[in-house]
Every structure is written in structure tokens, then in C-alpha cells.
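Written out below as C-alpha cells is the structure these notes cover.
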Amino acid sequence: IIRNVASFFIALLIALAALTALGPLSTDAYLPALPAVAESFGRNIHDAELSVSLFLAGLAMGQLIGGPLSDHYGRRSGIQVGLSVFLLATGGIFFSASIEQLWGGRLLQGIGAGITAVNVPAIIKDVYNGRKGAQALSKLAIIMMTTPIISPLLGQQVTQLFSWRAIFLMLVIYACALSLVIFFRLPETR
């Protein structure tokens, strides 16, 4: 039983770390593609850069929405709603025909990522007490610090090999995998 409990907590931390990485991955993998985005829409770089600000604004709004949502309906539901919004927005970005569609998609993508992100510390508070909770949060902080280092390299490679749109395809695949893991493996903790 102890081995099963330990493996559950390890799997939980891995899933929460993957959820924590969603926001930084969505921001930082996209940064090297900004010149290509501007060029593909025939706009200047500042128009493409606005999409980063819109994502961050959406991330903040999503956290404001996601906290009460998960407190009322549960952590799993909150994460699934956030991932669904994120997936729909990311798919929309992949098929965007104008910079304005990209802006709207990035705002919605940020909202979805924010709804998802706010659930991670809530789950840790639900599952861990005191010192164990602080240790779990510190492990997640390491993920938060390493993701912005790795993501631009990944984004640059994807952009060079394929196109800037492939970054969003990669994010769709990542979010789909997370959604399946959350759906099948994460119990409700609230």
C-alpha cells in the first residue's frame, strides 16, 4: 500500500509539473517565431509582439475565473475546462488567417492556461499538509524556472524545421496528452 501511495504522489507531481509548464511553454516556445509570424501576415513585428501581451492578459484573467470555478465545481472540472479552452484557442491560432484572429486566439489561449494554472497550487493544498506541501511547491517552482530556458530552443527548432504554426500543433498535442492524463488518472481532490 505504501508503494502505491508513493507512486500516486510521484505521478501527481509529474502531472502537476506538466500543467505548470503549460503557460511558460505557450509563451516562450512562441517567442523565436515572432518575426516569422509578422512576415506571414505582412505586418510589423510590433503587431506580432502584441500577441504575447494578449496571452499574458488572458493568463491573468483565466486565473481570476479559474479559482472560483474550481472551488465550486472541483479541480478536475476546472482543469478540463481550462484545457478545453486552451485546445480550442490553440487550434484556432493554427488556422488563423489574420493577425486579429491570432490575437483573439492568444487571448483565449491565455485564459485557458490561466484557468488550468490556478488549479495546481489548489491541488497541492488539497493533498499535502505543511512541510510536504512546501516541498511539492518548491519542486514545481523548479519546473517553472527550467521551462522558460528550454522552451525558446524548442520553439526555434520547430520553427526552423516546419513553420511557426507547428508550435501551436505541438501545443495541441501537449494539451491533448495532459487532458487525457487528467481525465483518466487525476482524482478529484477538493
Total residues in the range 15-55, condition of a type in the set (A, V, I, L, M), in contact with a Phe, Trp or Tyr (Cβ under 6 Å, 6 or more places away or on another chain) and over 19 Å from ILE173 (Cα atoms): 3
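Tell me, which helices (runs of 4 or more DSSP H) wholly within the range 72-131 include 2 or more residues that are modelled with pLDDT of 95 or more?
Because the criterion is at least 2 residues that are modelled with pLDDT of 95 or more, the helices (runs of 4 or more DSSP H) in the range 72-131 that meet it are 75-94, 99-117.
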Filtering the range 180-190 for residues that are of a type outside the set (Asp, Glu), surrounded by fewer than 16 Cβ atoms within 10 Å (Cβ to Cβ) and not in a helix (DSSP H, G or I) leaves a count of 1
If only one of PRO152, PRO148 is modelled with pLDDT of 90 or more and out of contact with any Phe, Trp or Tyr (no Cβ under 7 Å at 6 or more places or on another chain), which one is it? PRO152
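Table: residues versus (1) assigned to a helix (DSSP H, G or I); (2) touching a helix residue (DSSP H, G or I) at 6+ places or on another chain (Cβ under 6 Å); (3) surrounded by 15 or more Cβ atoms within 10 Å (Cβ to Cβ).
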position	(1), (2), (3)
ILE10	yes, no, no
ALA15	yes, yes, yes
ALA21	yes, yes, yes
PRO32	yes, yes, yes
ARG43	no, yes, yes
PHE55	yes, yes, yes
LEU59	yes, yes, yes
GLN63	yes, yes, yes
Do we have ALA97 as in contact (Cβ under 8 Å) with a residue 40 or more places away in the chain and farther than 20 Å from MET170 by Cβ here? no
Looking at the range 134-158 only, could you name the residues that are open to solvent by 30 Å² or more (accessible area, probe 1.4 Å), more than 25 Å from SER70 (Cβ to Cβ) and among the polar types (S, T, N, Q)? THR146, GLN156, GLN157
Open to solvent by less than 70 Å² (accessible area, probe 1.4 Å), touching a residue at least 12 places away in the same chain (Cβ under 8 Å) and of a type outside the set (Lys, Arg): does that describe ALA6? no
Selection status of GLY92, in contact with a helix residue (DSSP H, G or I) (Cβ under 6 Å, 6 or more places away or on another chain) and either under 20 Å from ALA36 (Cα atoms) or open to solvent by less than 40 Å² (accessible area, probe 1.4 Å) (or both): yes
Scan of the range 146-168 for residues that are in a helix (DSSP H, G or I) and of a type in the set (Phe, Trp, Tyr), ordered by number: TRP164, PHE168
Restricting attention to the range 76-111, report how many residues are farther than 17 Å from LEU186 by Cβ and not hydrophobic (A, V, I, L, M, F, W, C). 12
Say whether the condition of being of a type in the set (Val, Ile, Thr) and within 21 Å of ALA122 (Cβ to Cβ) is met by at least one residue in the range 71-80. yes
What is the one condition in (1) surrounded by 14 or more Cβ atoms within 10 Å (Cβ to Cβ); (2) modelled with pLDDT of 85 or more; (3) not acidic (Asp, Glu) that ALA177 does not satisfy? (1)
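The values are calculated or read from the model by the stated rules, or taken from the named source; none is laboratory data. Keep in mind it's a predicted model, so treat the numbers as computed, not measured. Positions of Cβ are backbone-derived with ideal geometry, glycine not excepted, and every protein chain shown enters the neighbour counts. To get the accessible areas, we keep the full protein, side chains included, count just its heavy atoms, and leave off ligands, DNA and RNA. Shrake-Rupley method; radii C 1.70, N 1.55, O 1.52, S 1.80 Å.
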